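> Attaching a single structure in structure tokens format; questions to follow.
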Amino acid sequence: METTRDNYTEVRKVTENYVIEQLNNYLTKRNHIPGTSDDTIMHVTDIGISILETKHPEIGIYQSGSFVNSIVNNDLQGAFGNGDSINQEFIKFYLILMYNFSIYNLPYPNHHNENNY
């Protein structure tokens, strides 16, 4: 599967739905992190998508920033140094998201899999 600008919107929607589901599960298991506003959830969702697109370039076409690169490169010092207060609070979520993700479990366009996520 190769992501192009032509199918990026559809691919991103699949990735976004996955990140939102995983974030909801993460927050539910922790009885929500205090101060988790809708803006925070949107911010964490966008960063989660960027992390997955950076780690798996076949689903993303854009370059990421220094925080995302630090997460993807397993650079804890860089992640804390480059992350804002929200991202610092959600580093554990980003790591769980990144290491449990597989493109083979989601219904990406032009990608055959057995699951109908």
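> Given the conditions (1) surrounded by fewer than 12 Cβ atoms within 10 Å (Cβ to Cβ); (2) within 26 Å of TYR8 (Cβ to Cβ); (3) of a type in the set (Val, Ile, Thr), which single one is not true for THR28?
It fails just one condition, (2).
> What number of residues within the stretch 6-20 satisfy the criterion of being among the acidic types (Asp, Glu) and touching a residue at least 24 places away in the same chain (Cβ under 8 Å)?
2
> Now a separate question. Is there any pair with a first residue in the stretch 53-79 that is surrounded by fewer than 20 Cβ atoms within 10 Å (Cβ to Cβ) and a second that is charged (D, E, K, R) whose Cβ atoms are under 9 Å apart and which are 6 or more apart or on different chains, and what are they?
Here the result reads GLU58/GLU2; ILE61/ARG5; ILE61/GLU53; TYR62/GLU53; SER64/GLU53; ASN69/ASP75; VAL72/LYS55, each pair linking the stretch 53-79 to a residue that is charged (D, E, K, R).
> Can you work out which of the residues in the stretch 87-96 that are surrounded by fewer than 17 Cβ atoms within 10 Å (Cβ to Cβ) and of a type outside the set (S, T, N, Q) is farthest from THR15 (Cα to Cα)?
So in the stretch 87-96, the residues surrounded by fewer than 17 Cβ atoms within 10 Å (Cβ to Cβ) come out as 88-89, 91-92, 95-96.
Pick out the ones that are also of a type outside the set (S, T, N, Q) and you get 89, 91-92, 95-96.
Values: GLU89: 22, ILE91: 19, LYS92: 19, LEU95: 16, ILE96: 15 Å.
Across the stretch 87-96, the extreme among qualifying residues is GLU89.
> Quick test for you: out of TYR94, TYR108, pick the one residue that is in a helix (DSSP H, G or I) and either touching a helix residue (DSSP H, G or I) at 6+ places or on another chain (Cβ under 8 Å) or modelled with pLDDT of 95 or more (or both).
Answer to the selection: TYR94.
> Still on this structure: So, of the residues in the stretch 10-25 that are of a type in the set (A, V, I, L, M) and crowded, with 18+ Cβ neighbours inside 10 Å, which turns out to be nearest to SER102 (Cα to Cα)?
The extreme case among them is VAL19.
The values are calculated or read from the model by the stated rules, or taken from the named source; none is laboratory data. Treat the numbers as computed from the prediction; the structure is a model and nothing was measured. All Cβ positions, even for glycine, are placed from backbone atoms using ideal geometry, and neighbour counts span all protein chains on display.
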